[in-house]
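> This structure is in structure tokens; I'll ask about it shortly.
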Amino acid sequence: MPQNSTGDDVLRLAMWSGPRNISTAFMRAWGNREDTVVVDEPFYAHYLEVTGIEHPGRDEILAHHERDWRKVVASLLAPVPAGVRILYQKQMAHHLLPHMGREWLDDVTHAFLIRDPRPMVASLSEKLVDFDLLATGLPQQVEIFEHVVARTGRTPPVLDAADLLRQPEGMLRRLCDALDVPFSARMLWWPPGRRDTDGVWAKYWYERVEASSGFEPPGSPGDTEPGELSPRLAAIEAQCRPLYDTLRAHRLNAD
């Protein structure tokens, strides 16, 4: 595991995703490891406060979660409980707003979770009445990816949600290898239900994950292919496509 300026050998893993990218199921996988604690979208409250965007449960989120991004960063770099070797951060890339400092990024390890824009945009439209390209997180994922490459000289791991659902064990093994951590079979399953580590927004976003006990293969009940997108959604999907392709060119393969 990488040594960093925090002075310990804890892997502080920022997994940068966008909404509707199976990111919560992926958090469940890491949270089921015995050596890992997870943090759920730590900058969400700051994002809502600064942007003024209306999301389900906005007032509750602002009341219950830290809104000062500097305090959030301090918590992500703070000492962890004894026995914890991995601090997994479920990070939404669009929550990293332009005014927020980037210096702390040097003290964490980065990986990226992407999903084909067509089903992602269709799924997001079921939760948000109105959104734009920035709300998908893809422009910010590319920005963070390029920042990490420039700072480290290395390409961080990129995982495609479709690959993960088709080959959960193979893709998890590849990611663990890339991060230099041992694979744990506990990542393949988890008890259903809500977690104390879930944000208060879980009631609005996590119903399917709460009913799950593992990664659901493509074609599972509830996993329907999106129909024809509206012109507005099709325009957003077209904007997403080259950004997704940029990251997908670096994705891990199970073979």
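> Looking at the stretch 222-236, I want the residues that are assigned to a loop (DSSP other than H, G, I, E, B) and modelled with pLDDT under 90 and have a partner that is surrounded by 13 or more Cβ atoms within 10 Å (Cβ to Cβ) and among the aliphatic types (A, V, I, L, M) with Cβ atoms under 7 Å, at least 6 apart or on another chain. Which pairs are those?
226/122
> Please verify whether residue 169 is among the charged types (D, E, K, R), in contact with a helix residue (DSSP H, G or I) (Cβ under 9 Å, 6 or more places away or on another chain), within 25 Å of residue 56 (Cβ to Cβ) and in a helix (DSSP H, G or I), treating the condition exactly as stated.
Details: among the charged types (D, E, K, R): yes; in contact with a helix residue (DSSP H, G or I) (Cβ under 9 Å, 6 or more places away or on another chain): yes; within 25 Å of residue 56 (Cβ to Cβ): no; in a helix (DSSP H, G or I): yes.
No, not satisfied.
> Is it the case that the stretch 5-27 has a residue that's charged (D, E, K, R) and in contact with a Lys or Arg (Cβ under 9 Å, 6 or more places away or on another chain)?
So far as the stretch 5-27 goes, yes, one or more of its residues are charged (D, E, K, R) and in contact with a Lys or Arg (Cβ under 9 Å, 6 or more places away or on another chain).
> Let me ask you something else. Identify the single condition in (1) more than 19 Å from residue 251 (Cβ to Cβ); (2) touching a strand residue (DSSP E or B) at 6+ places or on another chain (Cβ under 9 Å); (3) charged (D, E, K, R) that residue 106 does not satisfy, given that it satisfies every other one.
Unmet for residue 106, out of (1) more than 19 Å from residue 251 (Cβ to Cβ); (2) touching a strand residue (DSSP E or B) at 6+ places or on another chain (Cβ under 9 Å); (3) charged (D, E, K, R): (2).
> Let me ask another. Could you tell me whether the stretch 136-145 includes any residue that is β-branched (Val, Ile, Thr), surrounded by 21 or more Cβ atoms within 10 Å (Cβ to Cβ) and part of a strand (DSSP E or B)?
no
> OK, next. Within the set of pairs 6+ apart or on separate chains, which have a first residue in the stretch 150-164 that is under 12 Å from residue 247 (Cα atoms), a second that is small (Gly, Ala, Ser) and at pLDDT 95 or above, and C-beta atoms under 6 Å apart?
Once the first residue is under 12 Å from residue 247 (Cα atoms) and sits in the stretch 150-164, its partners that are small (Gly, Ala, Ser) and at pLDDT 95 or above give 156/111; 157/111; 157/178.
> Taking the stretch 155-187, which residues are over 17 Å from residue 114 (Cα atoms) and among the aliphatic types (A, V, I, L, M)?
Within the stretch 155-187, 179, 181, 185, 187 qualify.
> Moving to a separate point now. Would you confirm whether or not the stretch 42-53 contains a residue that is at pLDDT 95 or above, assigned to a loop (DSSP other than H, G, I, E, B), in contact with a strand residue (DSSP E or B) (Cβ under 8 Å, 6 or more places away or on another chain) and within 28 Å of residue 240 (Cα to Cα)?
Yes: the stretch 42-53 contains one or more residues that are at pLDDT 95 or above, assigned to a loop (DSSP other than H, G, I, E, B), in contact with a strand residue (DSSP E or B) (Cβ under 8 Å, 6 or more places away or on another chain) and within 28 Å of residue 240 (Cα to Cα).
> Right, another one. Just one of (1) of a type in the set (D, E, K, R); (2) under 20 Å from residue 27 (Cα atoms); (3) at pLDDT below 95 trips up residue 130, so point out which.
For residue 130, the failing item is (2).
> Determine which member of the set 159, 252, 179, 247 is over 29 Å from residue 48 (Cα atoms), surrounded by 15 or more Cβ atoms within 10 Å (Cβ to Cβ) and in contact with a helix residue (DSSP H, G or I) (Cβ under 9 Å, 6 or more places away or on another chain).
Answer to the check: 252.
The values are calculated or read from the model by the stated rules, or taken from the named source; none is laboratory data. Note that the structure is a prediction, hence the values are computed from the model and not measured. Note that we place each Cβ from the backbone using ideal geometry, even for glycine, and neighbour counts take in every protein chain shown.
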